[in-house]
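First up is the structure itself, then whatever we jot down about it.
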Amino acid sequence: MKPIIQNISKHVALTPEEITLFLSKIETKSFKSKTVLLSSGEIATCTYFVNSGILRSFNINDNIIEHVLHFACDGWWIGDMYSYISGKPGNLFIEVLEDAEVVFITKKHHQELYKEIPKLERFFRILAENSLVSHQERLMDNLSLSAEERFEKFCAKYPTLIQKVPQKQIASYIGVTPEFFSKMKSKMLRK
């Protein structure tokens, strides 16, 4: 069974006919590391599901500092939801960090699927709710936890990424400078 169908089946059961219809509305492509799928200022016309590989979303502030918002590895979804939903230019980049196979669902096909397979609305509502909870938890963690505690949570959430993602990107994700991250990690390893 395709990874995206396995992902959907965690929350809703599709009939064989619905699976065939769903698969007819998506596109799967392979990308090399460092490929940018979406740039800041563009309008997001699709969301992405990662069959394999690693993607990240980030923005770059006026001081040319990257802020990593999200990592997505096998079985995860990623997109610039502000732009996708509003139809306005977004402020996120989505980049391939490790060679990846990615499924695209365009907004047009997404809307068609809601009409043709109503239970997919439930599936995507569950994804949106889980995403909202995760983002709220991350915001609260950034306000109340130490950098060490945020790193420990990162390690628990993304155990396979620690060796695959550049340390400066992990530092950005947990909200510290690469220099601070390096010192903190050394200190934690000595404990």
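The values are calculated or read from the model by the stated rules, or taken from the named source; none is laboratory data. Predicted, not measured: the structure shown is a model, and the values here were computed from it. Counting neighbours? That spans all protein chains shown, and the Cβs are built from the backbone with ideal geometry, glycine included. Quick note on the areas: whole protein, heavy atoms, side chains included, nothing else; ligands and nucleic acids left out. Shrake-Rupley method; radii C 1.70, N 1.55, O 1.52, S 1.80 Å.
Round to a whole number: what % of the accessible area of the chain belongs to carbon and sulfur, probe 1.4 Å? Before the final figure, lay out the partial values.
Values: 6140 of 10900 Å².
C and S atoms contribute 56 percent here.
How much FRET efficiency would the formula 1/(1 + (r/R0)^6) give for Lys164 and Lys107, where r is the Cβ-Cβ distance and R0 is 41 Å, rounded to 0.05? Present the calculation step by step, with values, prior to reporting the outcome.
On the way: r = 30 Å, r/R0 = 0.74.
So, using R0 = 41 Å, E works out to roughly 0.85.
Once Rh for region 79-171 is found with the Kirkwood sum over Cα pairs, what is the Stokes-Einstein diffusion coefficient at 10 °C and 1.306 mPa s, in µm²/s?
Values: Rh = 16.1 Å.
Roughly 98 µm²/s, to the nearest whole number.
Around Thr177, what is the net charge, scoring Lys/Arg as +1 and Asp/Glu as -1 over all other residues with Cβ under 14 Å from its Cβ? It would help to have the intermediate numbers written out before the result.
Values: positive: Arg150, Lys168, Lys183, Lys185; negative: Glu66, Glu179.
In short, +2.
If you add up the charges near Val36, with Lys and Arg at +1 and Asp and Glu at -1, over every other residue whose beta carbon is less than 15 angstrom from its beta carbon, what do you get?
Details: positive: Lys29, Lys32, Lys34, Arg56; negative: Glu42, Glu66, Asp80, Glu95, Glu98, Asp99.
Net of charged neighbours comes to -2.
Which lysines, on any chain, are close to Lys29 with Cα under 22 Å apart, when same-chain ones fewer than 8 places away are left out?
Lys2, Lys107, Lys108, Lys164
What accessible area per residue, rounded to a whole number of Å², is obtained for the chain using a probe radius of 1.4 Å? The partial results should precede the final answer.
Numbers: 10900 Å² over 191 residues.
Computed with neighbouring chains in place, this is 57 Å² per residue.
Would you mind calculating the gained length between Glu152 and Met188 on full extension (0.36 nm times residue separation, minus the Cα-Cα distance), in nm to one decimal? Let's see the in-between values first.
On the way: separation 36, 0.36 × 36 = 12.96 nm, distance 1.00 nm.
So the extension gain works out to 12.0 nm.
If Lys and Arg each add +1 and Asp and Glu each add -1, what is the summed charge of the other residues whose beta carbon sits under 13 Å from the beta carbon of Gln111? Mind showing how you got there, number by number?
Working: positive: Lys25, Lys107, Lys108, Lys115; negative: Glu112, Glu116, Glu121.
Its environment carries a net charge of +1.
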